[in-house]
Ligand SMILES: [Zn+2]
C-alpha cells in the first residue's frame, strides 16, 4: 500500500499523546495512517522533507472573527489557514441567532479549513462598523439578548460550541452583568459552555468572573490598561485564581486591545498561564498588532512559556475543551489528517502588544506547511 503523503524526519510535538521526538508521519485517505521512525520514502506517493521543522497537530485558533462580508470585522477563514497554517478556526460569536444560518451557508460550508463557532447571545451578532463613529455595540438594547432564539439555534445546529457574550463597554450594553446572566441562562438551557469577553469597564472583569461556571471560557485574560485582571499589588485578582481553580478556562484572545506584555509577565510570574492561546484576529487587528495565531504563540514563547506548553495551548487543550479530542488536536493514527509544520527560527524579532510595548524576541514560529483533511498546502503567506 502507498501512503498519499509522508512528512519525513520532522520533530513531532504532540502534547495530547506525550510525543516530543523525531518521527515520520504518514497520511492516507485524509487520515493519519502512521507515526513512527524509519517509514520508507518509497512507501509514499509524495514525500516532504521536514527535517528542519516541527510537526504538530493542526493548529486551532480558538478565538477569531471570520464572518467575512456578513460583519464588517470579519476576515476570510482560509486566509488564516494560508497565513498561519491554522486548520481549525473558532468564530467567537460574530453571528447571532438572526444570521447564523447565513454564516453557516456562505462561510462555514464554503471554507477549506474547519470552522466551529460560538453563537452570540445578541440576535444580530456583532453588527458594528470598524470606524469609531460606527462602534455601536450589539448590546445597546438588551432586548436583542433573546434566550429562546439562541437555544433554538443550538438545537438546530448541535455542533455550535456554546454562547458568546461581550459583556462590557465594547458590547455597548447596560454596563452591568445582565447580558452575562442572559447568556448563562441560554447556555444552561442549551447545555453548552459560554465564552465571556470582558474589557474596559464597566463592568469590571472581577465582577463578572464569579458568574462563569466550570468549563466556561473567559477571554482576553492578559489585557492591559483599565479593567485588566491585576490587583493593586500587581498580582492576579483573587477572583481569577479562584475561577481557574474551579475549572474556568482562560483564553488569551489577543485582538486589537486585549493583550499586554506587562500583564502577561505579571500573570506568568504568578503561575497564571493561559489554557488556550488564540489570536482574536479580525479586520481591525489582522495587520497588527495581533496578525494571527503563530505571532501570538511566538509572543508567549518569548515571554518564557515553554514551546511544549505553547503548542499544547493551540492544539490539545482547545480540542479537549471542544469535546473533540478524539479527532482534533492530536496526531493519533486514524484521526483526520490536520497537521501544521512550523520552523522555530532564531534571531531578533520585534513584537508589539496591543498597548504599544515592543519586545525583541529571539524565537519566531514560522508556519511552513499545513495538511487539511489530508491535503498538503504551503502556508506562511498573506492573502
Ligand atoms: Zn473577539
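Read the figures in this text as sums done on the coordinates, not as results from a lab. Bear in mind that the values here come from a model prediction, so they are computed numbers and not experimental data. Using ideal geometry, Cβ is built from the backbone for each residue, glycine included, and neighbour counts are taken over all protein chains shown.
Things to note:
- log10 of Debye I(q)/I(0), alpha-carbon scatterers only, for segment 13-86 at 0.13 Å⁻¹: -0.56
- Sequence of 282, 11 once ranked by neighbouring C-beta atoms within 10 Å, starting from the fewest: 11, 282
- Within the chain, helix-based [θ] at 222 nm, where runs of 4 or more DSSP H residues each add -39,500 (n - 2.57), nearest 500: -5500 deg cm²/dmol
- 14 Å reach of a label modelled at residue 207, 7 Å along Cα-to-Cβ, counting backbone N of segment 218-233: 227-228
- Cα-projected label distance for residue 143 with residue 226, points at 7 Å along beta-carbon direction, nm: 3.0
- Model label zone, residue 130; criterion: amide N under 20 Å from point 7 Å along Cα-to-beta-carbon; scope segment 291-326: 291-296
- Three semi-axes describe the equivalent ellipsoid of the chain; taken as square roots of 5 times the Cα gyration tensor eigenvalues and ordered largest first, they are 34, 23, 18 Å.
- In plain terms, the chain from residue 375 to residue 22 could stretch by 124.9 nm, reckoned as 0.36 nm per residue minus the Cα-Cα distance.
- Exposure proxy shown here: for 246, 366, the number of other Cβ atoms within 10 Å sets the order, fewest to most, as 246, 366.
- Compared with the alpha-carbon gap, the fully stretched path from residue 157 to residue 265 is longer by 34.9 nm at 0.36 nm per residue.
- Cβ-based exposure ranking for 346, 8, in which fewest neighbours within 10 Å come first: 346, 8
- Principal-axis tilt of helix 178-190 within the chain, Cα atoms, nearest 10 degrees: 50
- Size-normalised alpha-carbon gyration radius of segment 116-217, reference 2.2 N^0.38 Å: 1.00
- Model label points for residue 200 and residue 51, set 7 angstrom from Cα along the Cα-to-Cβ axis, are 5.4 nm apart.
- Between residue 362 and residue 188, full extension at 0.36 nm per residue minus the direct alpha carbon distance yields a gain of 58.2 nm.
- Max mean-square fluctuation residue, GNM over the chain, Cα-Cα springs under 10 Å, options 60, 277, 73: 73
- Based on the reciprocal of the average 1/r between different C-alpha atoms, the Kirkwood radius for segment 238-331 equals 13.8 Å.
- A Gaussian network model of the chain, with springs between Cα atoms under 10 Å, assigns the largest mean-square fluctuation among 326, 28, 138 to 326.
- Top of 325, 190, 155 by mean-square fluctuation, Gaussian network on the chain, Cα under 10 Å: 155
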